[in-house]
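This report refers to the structure that appears directly beneath it.
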């Protein structure tokens, strides 16, 4: 039996706004096995970050509503955990790297203080950890992300570092203590392409070395192809296709997946990328059927009546489209 670390089942999440409820996530299914690298791709605003924040329960209190679903971590439903269990999950099991390192780091505390706090929480929630040990572990983590002069780095404040350095610090905080799952939310978004490539290679190297599971959230298909074993394609709060990375790129099936691949700029020539006409639906009043139906060139009457379910067309390759079920 496969070792499933994270298993999200039929998750529905709404955000409370002035006009009502934004129906962001609609029946999301997602799974991460132990030691597996999984990608979650989709255009901006499709709900990727909402999924990420729902796992360690850091969605803004009072503004969201989980109407249905389960999030299992090591067989236990996170949505039924008490506060102390959630705290343990955040401090010892799951690490997160956010897309904006400047916002993720506190500007009034040194790098050493912030990494030290993470180590203290993750090493022993109820025990005092010796300060010298914290410093040793902090330096070790900074060395693993190839930051120069890590001992001096401990006394620096975030504003004294470049964007690439701050992102490396965030990754160092993620690996400063053993974790079973690293969730990386577009970790290279705010960086230039050369530094972004270094950060992605570094993250990939660390995940393989430590045999940690990775959930990489990105809108870059190229990054997902290089970094992951399996990919979930998301559109407007729904998973429309999932498959091993090589199969997804060699045999995309869902019209949205094909549209995404066709939108990638062709650096070798061959014309301008086509793009996908239209825009994502209004989450206050989303389509009753398939959410991609208003933008799909292959729609049929049933597409507007009820949403399609994920259907396995080959081993580990699932597609939510009526085209595959005709």
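Only residues that are under 29 Å from residue 275 (Cβ atoms) and assigned to a helix (DSSP H, G or I): list them for region 209-229, please.
Across region 209-229, the qualifying residues are 221, 222, 223, 224, 225, 226, 227.
Look through region 306-326, keep the residues that are farther than 15 Å from residue 235 by Cα and surrounded by 13 or more Cβ atoms within 10 Å (Cβ to Cβ), and return whichever of them is nearest to the chain's Cα centre (by Cα).
The extreme case among them is 317.
Kindly indicate the residue of region 151-193 that is touching a strand residue (DSSP E or B) at 6+ places or on another chain (Cβ under 9 Å) and assigned to a helix (DSSP H, G or I) and also surrounded by the most Cβ atoms within 10 Å (Cβ to Cβ) among those meeting that condition.
167
Just the residues that are crowded, with 20+ Cβ neighbours inside 10 Å, assigned to a loop (DSSP other than H, G, I, E, B) and without any contact (Cβ under 8 Å) to a residue 60 or more places away in the chain, please, taken from region 280-294.
290, 292
Spot the failing condition for residue 196; the list is (1) under 18 Å from residue 100 (Cα atoms); (2) in contact with a helix residue (DSSP H, G or I) (Cβ under 7 Å, 6 or more places away or on another chain); (3) in a helix (DSSP H, G or I), and only one is missed.
Only one criterion in (1) under 18 Å from residue 100 (Cα atoms); (2) in contact with a helix residue (DSSP H, G or I) (Cβ under 7 Å, 6 or more places away or on another chain); (3) in a helix (DSSP H, G or I) is unmet by residue 196, namely (2).
If you take the residues in region 252-273 that are modelled with pLDDT under 70 and surrounded by 10 or more Cβ atoms within 10 Å (Cβ to Cβ), which one is farthest from residue 241 (Cα to Cα)?
Applying the filter and picking the extreme gives 266.
What pairs come up if the first residue lies in region 171-195 and is free of Cβ contacts under 8 Å to residues at least 60 places away in the same chain, the second is surrounded by fewer than 18 Cβ atoms within 10 Å (Cβ to Cβ), and their beta carbons are under 6 Å apart, counting only those six or more places apart or on different chains?
Pairs that qualify, where the first residue is free of Cβ contacts under 8 Å to residues at least 60 places away in the same chain and the partner is surrounded by fewer than 18 Cβ atoms within 10 Å (Cβ to Cβ), are 191/163.
Among the residues of region 10-49, how many are free of Cβ contacts under 8 Å to residues at least 40 places away in the same chain, under 21 Å from residue 309 (Cβ atoms) and not in a strand (DSSP E or B)?
0
The values are calculated or read from the model by the stated rules, or taken from the named source; none is laboratory data. It should be emphasised that the depicted structure is a prediction, and the values quoted were computed from it without experimental measurement. Cβ: placed from backbone, ideal geometry, glycine included. Neighbour counts: every protein chain shown.
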